[in-house]
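Student: Input: one structure, supplied below.
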Amino acid sequence: MRVAIIAITANGAKLGATLKSGLPLGSLFVLEKHATGEAVPFAERVPTLMARLWTDFDGFVCIMATGIVVRSIAPLLKGKDEDPAVVAIDDAGRFAVSLLSGHLGGANALAASCAELTGATPVITTATDANELPSFDMLAKENGWRIDDLSRVKVLNALLLEGKRIVVLDPTGKVADYCGGKGNLLFCRDADDALAAGADGMVVVTSGAVPQGLDPSQTLVLRPAELCLGIGCNRGTSADEIEAVVERHMAQLSLSLKSVLCLASAEAKADEEGLLACAKRKGLPLLFFSSDELNKVAVPSPPSEHAFAAIGARGVAEPAALLASDGGSLILKKVKDGNVTIAIARCALRCIS
């Protein structure tokens, strides 16, 4: 985590130096009259500094009164899934307060780290942590899962706190591991059992369609990032066409785009502008494999004479998807759609973060 440590007093500068030494990606910013050593001096007001740094860091540790911090960050806030972690530490180093984005942003963990480094007491006020209960947003964060509707986290965490019965449909088993027996949770094997349980809320872990009959207002859907899309395309294929093919075939299989882990293709496509632009739009990593790597993978479809003549690979979409899935299995054999060929593989369990 890239952390900006901000201090405005002489004692705060000393605390900041201690924190910087213990936070590998920490940068220390100190009011210029107190700045020494590796500290970056600043002269502007704290709100101006915060606005300048806001998008460059994953977390902020502000050694100053919480009132200053609150007024400084208020105009910058967007949402709990976007805002960086913010921790406030008093000038005497007695308390490290997790102020913003405690779970998804990592402020609770950052406050704990700051407390350990300085001898402060960590102050964590998120309700689930205060009651020593698991939280569904942290469950998602720790497993690298995406959340369909962030507003449902609040609903399900509230039910958890109230001791209400929550049904869980989770083929990965990771919800049970994370919760460790805490909370009034009932784990079901299928949707029929879940619906028959008559619970107050439901947590569904799936990359596919959500079972029908569930109350969407009381259902939290978590999407494991487990799908690898192998993409082949003709030279000059536009990002719009590639994106349309991806969305069309994902929809036909009732698969969620939020469960896509990566795109994968042949090394010869590393300069394909449409493919690069598509990956950037989707915010997805794009993996490339050499023709030799692709040719070593056993695939169900016949070799492609066109691909072999063009780049020396007997196929692109299927072997690229399988290589990216690290031992997973194909759930969509290659399909030629216009200028694009697509195949989809689901990761082996060990590949799912």
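The values are calculated or read from the model by the stated rules, or taken from the named source; none is laboratory data. Predicted model only: the values in this text are computed from it and were never measured. Don't worry about glycine lacking a Cβ; one is built from the backbone with ideal geometry, like all the others, and counts go over all protein chains shown. For accessibility, only protein heavy atoms count, side chains too; no ligands or nucleic acids. Shrake-Rupley method; radii C 1.70, N 1.55, O 1.52, S 1.80 Å.
Student: Within segment 111-121, can one find any residue that is assigned to a helix (DSSP H, G or I), of a type in the set (D, E, K, R) and open to solvent by less than 20 Å² (accessible area, probe 1.4 Å)?
Tutor: no
Student: Same structure, new question: Of these, E247, E318, which one is in a helix (DSSP H, G or I), open to solvent by less than 60 Å² (accessible area, probe 1.4 Å) and on the phi < 0 side of the Ramachandran plot?
Tutor: E318
Student: Mind checking which residues of segment 250-273 are of a type in the set (D, E, K, R) and either within 21 Å of the chain's Cα centre (by Cα) or open to solvent by 20 Å² or more (accessible area, probe 1.4 Å) (or both)?
Tutor: K258, E267, K269, D271, E273
Student: Here is a list: I331, I311. Which entry is touching a residue at least 60 places away in the same chain (Cβ under 8 Å) and either acidic (D, E) or open to solvent by 40 Å² or more (accessible area, probe 1.4 Å) (or both)?
Tutor: I331 is the lone residue from the list that is touching a residue at least 60 places away in the same chain (Cβ under 8 Å) and either acidic (D, E) or open to solvent by 40 Å² or more (accessible area, probe 1.4 Å) (or both).
Student: Sort out which residues of segment 161-207 are within 19 Å of N131 (Cβ to Cβ), of a type in the set (G, A, S), open to solvent by 30 Å² or more (accessible area, probe 1.4 Å) and in contact with a Leu (Cβ under 7 Å, 6 or more places away or on another chain), and write them in order of number.
Tutor: If the condition is that a residue be within 19 Å of N131 (Cβ to Cβ), of a type in the set (G, A, S), open to solvent by 30 Å² or more (accessible area, probe 1.4 Å) and in contact with a Leu (Cβ under 7 Å, 6 or more places away or on another chain), then G183 is the only one that fits.
Student: Looking at (1) part of a helix (DSSP H, G or I); (2) of a type in the set (A, V, I, L, M); (3) open to solvent by less than 60 Å² (accessible area, probe 1.4 Å); (4) under 30 Å from D149 (Cα atoms), which one does L276 not meet, given that it meets all the others?
Tutor: (3)
Student: Where residues in segment 1-33 are of a type outside the set (A, V, I, L, M, F, W, C) and open to solvent by less than 50 Å² (accessible area, probe 1.4 Å), which of them is farthest from I73 (Cα to Cα)?
Tutor: G22
Student: Quick one: which of L257, L276 is at pLDDT 95 or above and under 30 Å from K174 (Cβ atoms)?
Tutor: None of the others qualify; the one that does is L257.
Student: Mind checking which residues of segment 65-91 are touching a Phe, Trp or Tyr at 6+ places or on another chain (Cβ under 6 Å) and more than 12 Å from A107 (Cβ to Cβ)?
Tutor: Once the filter is applied, which keeps residues that are touching a Phe, Trp or Tyr at 6+ places or on another chain (Cβ under 6 Å) and more than 12 Å from A107 (Cβ to Cβ), segment 65-91 yields only L76.
Student: For segment 20-59, name all the residues that are outside any helix (DSSP H, G or I), among the hydrophobic types (A, V, I, L, M, F, W, C) and touching a Pro at 6+ places or on another chain (Cβ under 9 Å).
Tutor: F29, V30, L31, A35, F57
Student: Please go through segment 334-346 and give me each residue that is under 14 Å from L227 (Cα atoms) and open to solvent by 30 Å² or more (accessible area, probe 1.4 Å), ordered by number.
Tutor: Answer for segment 334-346, where residues must be under 14 Å from L227 (Cα atoms) and open to solvent by 30 Å² or more (accessible area, probe 1.4 Å): just R346.
Student: Restricting the search to segment 122-135, which residues are open to solvent by less than 70 Å² (accessible area, probe 1.4 Å) and either hydroxyl-bearing (S, T, Y) or in a strand (DSSP E or B) (or both)?
Tutor: P122, V123, T126, T128, S135
Student: A further question on this structure: Quick check on segment 192-221: of everything there that is among the hydrophobic types (A, V, I, L, M, F, W, C) and over 28 Å from the mean Cα position of the chain (by Cα), which residue is nearest to S254 (Cα to Cα)?
Tutor: L195
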